[in-house]
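Notes for the one structure printed next.
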Amino acid sequence: MSPSSSSSSESKLPMKPIPGDYGTPFFGAIRDRLDYFYNQGKDEFFKTRIQKHNSTVIKTNMPPGPFIAKNPKVIAVLDAISFPILFDTSKVEKYNVLDGTFLPSLSYSGGYRVCAYLDPSETKHTALKSYFMSVLASKHSEFIPLFRTCLSQLFISIEDGIASQKKANFNNVCQVMSFNYIFRLFCGKDPSETAIGSKGPAIADKWLALQLGPLFTLGLPKFLKYVDDLLLHTFKLPFFLVKSDYYKLYDVFYASSGPILDKAESFGVTREEACHNLVFLACFSTYGGLKVWFPALIKWVGLSGEKLHRQLADEIRTVVKEEGGVTIQAMDKMVLTKSVVYEAFRIEPPVPFQYAKAKEDILVESHHAAYKIKKGEMIFGYQPFATKDPEVFDDAEEFVGHRFVGEGEKLLKYVYWSNGRETVDPTVEDKQCPGKDMVVLLSRLLLVEFFLRYDTFTVETAVLPIGSSVTLTSLGKATSI
């Protein structure tokens, strides 16, 4: 087995120079950007470079490049062993690297460097992450009952869609459900009772798209790739296009989350800064993540077919009956259900990119070699390659529902979706998602509620600029409970 640590002062592996190149200034970054977005696509972009250099640690440029990012050069770590260097905040810094080699205008977050942009060494990071973790802890008892209520409406919408149109777009109903759940969790009321009404998801989507546009494409036909590139990847998209909508969102959160904002002052954070951070946490980190993640989970379970569906339904219904209801303790006994969730996180992590900058000269190991990364160099990780590493996972490209059952649990340390190992809990000293446990819980609960209602289902899927499109084409109602 290869070493489980990606960084050490000495290595028993052969030292090698990091292969790859950045090309000529300016034009090399443009070349890589066109390959990444249009000529090859993300996976092929990295795959061809791994094959060319016979290395999973390589030099390359990452989008968006000129004129948005001053320095597009990165060291890419593309295997399960080298990837965790991105989590070691004693050796790397996370200052303004959330979106990679560029920083969107801080106007998108009220002029504040919100917690996601801060390095753990900054005092404000400790204050804000402690505050977030305290808020989530105070809401813990609401996670399950509120989510079950929101899921009930989601299932009604899906059934209505299939009854009237023979299919239902899961993404659309999931976005509404996710936004409503998050808003009700933090604000204690339905968004329909506020000034934003039913427009919350649309406002959040527009706000997200303008910040993240330089990292994606419009999906235009290939002959329009230069138009697409010019529109999205040449200059930062201006905040004024969403300013009025953002402050509608901010005002609604400020007016509706009084008890949460009151708590902020005890952590040394003003109500205004706390509210901008809360909007970012709720609408960027949580809503932005769940709207991508839940369709991915349903996609992979749907594509797995009736045999897995029957196994999940049997386990879920048996445990719920034995435990007398849907509880955290009951879900913890559902070993297959837990494994299926982890497997979906492994095969399609909701946030595929991670970045960090070396604080010092670092020795990084892959499976077969060691490499020196110099102080100040940007490190980039493409998570799907790390979590589908064939030297760690058998049938790495396949969805294997029982992968993490029994002895398979030992592989959980190679599941990295939360910006940390699945076997590690978030702290104020790291950048791991503070809502990690909540997201895992909600994912299990989605499957539990689904298979309490249905025996099986079928899906059609497609690739979106961010995530997957999932359409449910049939639902088999539960024949036994």
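Of everything in the stretch 406-419, what is closer than 20 Å to Ser82 by Cα and either open to solvent by 30 Å² or more (accessible area, probe 1.4 Å) or touching an Asp or Glu at 6+ places or on another chain (Cβ under 6 Å) (or both)? Give them in sequence order. Within the stretch 406-419, Lys410, Leu411, Leu412, Lys413, Val415, Asn419 meet the criteria.
Condition check ((1) among the basic types (Lys, Arg); (2) free of Cβ contacts under 8 Å to residues at least 24 places away in the same chain; (3) closer than 21 Å to Met15 by Cα) across all residues:
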{"position": "His53", "(1), (2), (3)": "no, no, yes"}
{"position": "Met62", "(1), (2), (3)": "no, no, no"}
{"position": "Pro84", "(1), (2), (3)": "no, no, yes"}
{"position": "Lys94", "(1), (2), (3)": "yes, no, no"}
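Here Ser266, Ser178 are screened, and the one residue that is among the polar types (S, T, N, Q) and open to solvent by 70 Å² or more (accessible area, probe 1.4 Å) is Ser266.
The condition (being closer than 19 Å to Gly65 by Cβ and open to solvent by 30 Å² or more (accessible area, probe 1.4 Å)) is satisfied by just one residue among Leu218, Leu210: Leu218. Counted as qualifying within the stretch 308-414 are the helices (runs of 4 or more DSSP H) with 3 or more residues that are closer than 24 Å to Thr458 by Cβ, namely 335-347. Please go through the stretch 150-170 and pick out each residue that is open to solvent by 70 Å² or more (accessible area, probe 1.4 Å) and on the phi < 0 side of the Ramachandran plot. Residues satisfying the conditions are Gln153, Ile156, Asp160, Ala163, Ser164, Gln165, Lys167. Of note, Lys248 satisfies the criterion of being closer than 23 Å to Pro104 by Cα, of a type outside the set (Phe, Trp, Tyr) and surrounded by 14 or more Cβ atoms within 10 Å (Cβ to Cβ). Among the residues making up the stretch 92-129, a single one is open to solvent by 10 Å² or more (accessible area, probe 1.4 Å), assigned to a helix (DSSP H, G or I) and of a type in the set (D, E, K, R): Lys124. Here Ala296 passes the criteria (1) out of contact with any Asp or Glu (no Cβ under 7 Å at 6 or more places or on another chain); (2) open to solvent by less than 30 Å² (accessible area, probe 1.4 Å) except the one numbered (1). All but one of (1) over 28 Å from Lys129 (Cα atoms); (2) open to solvent by 10 Å² or more (accessible area, probe 1.4 Å); (3) in contact with a strand residue (DSSP E or B) (Cβ under 9 Å, 6 or more places away or on another chain); (4) assigned to a loop (DSSP other than H, G, I, E, B) hold for Ile30; which doesn't? Evaluating Ile30 over (1) over 28 Å from Lys129 (Cα atoms); (2) open to solvent by 10 Å² or more (accessible area, probe 1.4 Å); (3) in contact with a strand residue (DSSP E or B) (Cβ under 9 Å, 6 or more places away or on another chain); (4) assigned to a loop (DSSP other than H, G, I, E, B) leaves (4) as the failure.
From the list Thr89, Thr56, the lone residue that is within 21 Å of Trp417 (Cα to Cα) and buried (at least 22 other Cβ atoms within 10 Å of the Cβ) is Thr56.
None of Phe132, Phe147 is outside any loop (DSSP other than H, G, I, E, B), open to solvent by less than 10 Å² (accessible area, probe 1.4 Å), modelled with pLDDT of 95 or more and touching a Leu at 6+ places or on another chain (Cβ under 7 Å) except Phe147. Among the numbered criteria (1) touching a Pro at 6+ places or on another chain (Cβ under 7 Å); (2) without any contact (Cβ under 8 Å) to a residue 24 or more places away in the chain, which single criterion is violated by Phe183? In the conditions (1) touching a Pro at 6+ places or on another chain (Cβ under 7 Å); (2) without any contact (Cβ under 8 Å) to a residue 24 or more places away in the chain, Phe183 misses (2) alone. The set of residues in the stretch 429-439 that are open to solvent by 30 Å² or more (accessible area, probe 1.4 Å) and outside any helix (DSSP H, G or I) comprises Glu429, Lys431, Cys433, Pro434.
Report yes if some residue within the stretch 346-359 is of a type in the set (Gly, Ala, Ser) and within 15 Å of the chain's Cα centre (by Cα); otherwise report no.
Taking every residue of the stretch 346-359 in turn, none turns out to be of a type in the set (Gly, Ala, Ser) and within 15 Å of the chain's Cα centre (by Cα).
One residue stands out in the stretch 440-475 among those that are open to solvent by 40 Å² or more (accessible area, probe 1.4 Å) and among the polar types (S, T, N, Q): the one that is farthest from Phe216 (Cα to Cα), namely Ser474.
Sub-7 Å Cβ pairs linking a first residue in the stretch 204-217 that is free of Cβ contacts under 8 Å to residues at least 60 places away in the same chain to a second residue that is surrounded by 20 or more Cβ atoms within 10 Å (Cβ to Cβ) and not hydroxyl-bearing (Ser, Thr, Tyr), at least 6 apart or interchain, are Lys206/Val242; Gly213/Leu232, ordered by first then second residue.
The values are calculated or read from the model by the stated rules, or taken from the named source; none is laboratory data. This is a predicted model, so every value here is computed, not measured. Cβ coordinates were reconstructed from backbone atoms using ideal geometry, including for glycine residues, and neighbour counts include every protein chain displayed. SASA here: full protein model, heavy atoms, side chains in, ligands and nucleic acids out. Shrake-Rupley method; radii C 1.70, N 1.55, O 1.52, S 1.80 Å.
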